[in-house]
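**Student:** The structure's right below; bear with me while I get my questions together.
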Amino acid sequence: MRDILGDERIVMTLDAGGTNFVFSALQAGKEIITPITLRSHSENLEKCLRTIVEGFNQVKINLEHKVPHAISFAFPGPADYKHGVIGDLINLPAFRGGIALGPMLEELFEIPTLINNDGDLFAYGESVAGFLPFINKSLECAGSSKRYKNLIGITLGTGYGGGIVVNNQICLGDNSAAGEIWLTRNFLKSAVIAEESVSIRAIQRVYSEKSGTSFSLTPLEIFEIASEKRDGNKSAAIAAFEELAVAVAESLANAIALLDAPVVIGGGIAGASKFIIPKIIEHLSGCIHDLDGKAMPRVISKIYDVDNDQQLKSFLANSQYEVTIPFSNKKVVYDKEKRIAIGISKLGTSTAVCLGAYALALDYLDKTNLYEEINTRELR
């Protein structure tokens, strides 16, 4: 895995919101300037683009004599991330018809510019500096040779985001559309998308329906009701998070069947994990049937909540033993149990996105340098 904490190259970053843009710079995985916040002017394209340029210019000034090597940040979709072209955005209405933001910044600042989806960068950040290192270090300390190289990252908040890491590399897809888990079918309402049950509005809707109230509470307030820290309908509050959990679980069942990877959860709603993760595991540990009614596991692997000490201990327990090769006296190791870890972000969602952007820029620079080195050798 990449050691981003030991890399001295500097990458300029941007946290792009509909109201404000926050600019910064990272070195060795740490912020090295005070973040710069500018109004986004999301309703006016020229003002918005000039604000982005101004923000990065201010970052360069604050870096003093230090030279940035790349620009890397998350920007809302839809977009052609590989070419740095932003499509029609909801929260930045000035972007219509395709805006070549990445190429513009590369031309102005003369350094590589990488733009990606926040769900993808969240997953990548957790793979290089958060959830995957935690799992693999825990396995190492337990004396296991098992290591994980893949990861499914999901974010639970205003919407339902996702990202995928395969063999320690971010997976963007051929059309910059990998990880769009929000579009999976809703297990509870088969005619609609999963996000209709996995979002802030979904929690509010279910609580209102179950409690018979018309006023809108925040997910935090509903969580406090479920935790008996606020007056309200406790059973309705728990049901709101459990419905979300079941919808998440079914979409993850399909993702795990294809990717066979651990799952890390981020986003504001992840704070209610004590109501969400047990229900996800319950669903994933259940059965699905064929047309003859034969039951089979919903997922092949056993799922463990690695934020639970007892389940972490079971996840780390050795299930390997040696088997003899037929017609030989030699032996090979056989791991008899397939295991998948699930847990909450080890970095925090924003930090994971930022570190994902940083790590991706370093990876791009390394690959570009290697490509140039190979070409130089061939010319010689």
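**Student:** Applying the selection to segment 318-334, what residues are without any contact (Cβ under 8 Å) to a residue 12 or more places away in the chain and either under 24 Å from ILE280 (Cα atoms) or among the aliphatic types (A, V, I, L, M) (or both)?
**Tutor:** Residues satisfying the conditions are VAL323, ILE325, VAL332.
**Student:** Could you list, in sequence order, all residues of segment 1-30 that are out of contact with any Gly (no Cβ under 8 Å at 6 or more places or on another chain), surrounded by 14 or more Cβ atoms within 10 Å (Cβ to Cβ) and of a type in the set (D, E, K, R)?
**Tutor:** Selection gives ARG2, ARG9, ASP15.
**Student:** Filter segment 332-373 down to residues that are among the hydroxyl-bearing types (Ser, Thr, Tyr) and closer than 30 Å to SER319 by Cβ and give me whichever is surrounded by the most Cβ atoms within 10 Å (Cβ to Cβ).
**Tutor:** Only one residue tops the list, namely SER345.
**Student:** For a quick check of your reading of the model, give me the residue pairs whose first member lies in segment 194-223 and is hydrophobic (A, V, I, L, M, F, W, C), whose second is assigned to a loop (DSSP other than H, G, I, E, B), with beta-carbon atoms closer than 7 Å and at least 6 apart or on different chains.
**Tutor:** That search, which allows pairs on different chains as well, returns ALA194/THR184; ALA194/ASN186; ILE200/GLY157; ILE200/THR158.
**Student:** Hey, among GLU224, GLU209, which residue is surrounded by fewer than 18 Cβ atoms within 10 Å (Cβ to Cβ) and in contact with a Lys or Arg (Cβ under 8 Å, 6 or more places away or on another chain)?
**Tutor:** GLU224
**Student:** Another one. Would segment 132-151 turn up any residue that is in the same structural domain as LEU312 (by TED's automatic domain parsing) and at positive phi?
**Tutor:** yes
**Student:** Answer with yes or no whether LYS346 is under 25 Å from GLU31 (Cβ atoms), of a type outside the set (Gly, Ala, Ser) and at pLDDT 95 or above.
**Tutor:** Against the criterion (under 25 Å from GLU31 (Cβ atoms), of a type outside the set (Gly, Ala, Ser) and at pLDDT 95 or above), LYS346 qualifies.
**Student:** While we're looking at this one, here's another question. Restricting the search to segment 9-32, which residues are β-branched (Val, Ile, Thr) and closer than 29 Å to ALA94 by Cα?
**Tutor:** As a first pass, look at segment 9-32 and keep what is β-branched (Val, Ile, Thr): 10-11, 13, 19, 22, 32.
Those that are β-branched (Val, Ile, Thr) and closer than 29 Å to ALA94 by Cα: VAL11, THR13, THR19, VAL22.
**Student:** Could you list, in sequence order, all residues of segment 123-162 that are among the charged types (D, E, K, R), assigned to a helix (DSSP H, G or I) and over 14 Å from the mean Cα position of the chain (by Cα)?
**Tutor:** LYS137, GLU140
The values are calculated or read from the model by the stated rules, or taken from the named source; none is laboratory data. Note that the structure is a prediction, hence the values are computed from the model and not measured. All Cβ positions, even for glycine, are placed from backbone atoms using ideal geometry, and neighbour counts span all protein chains on display.
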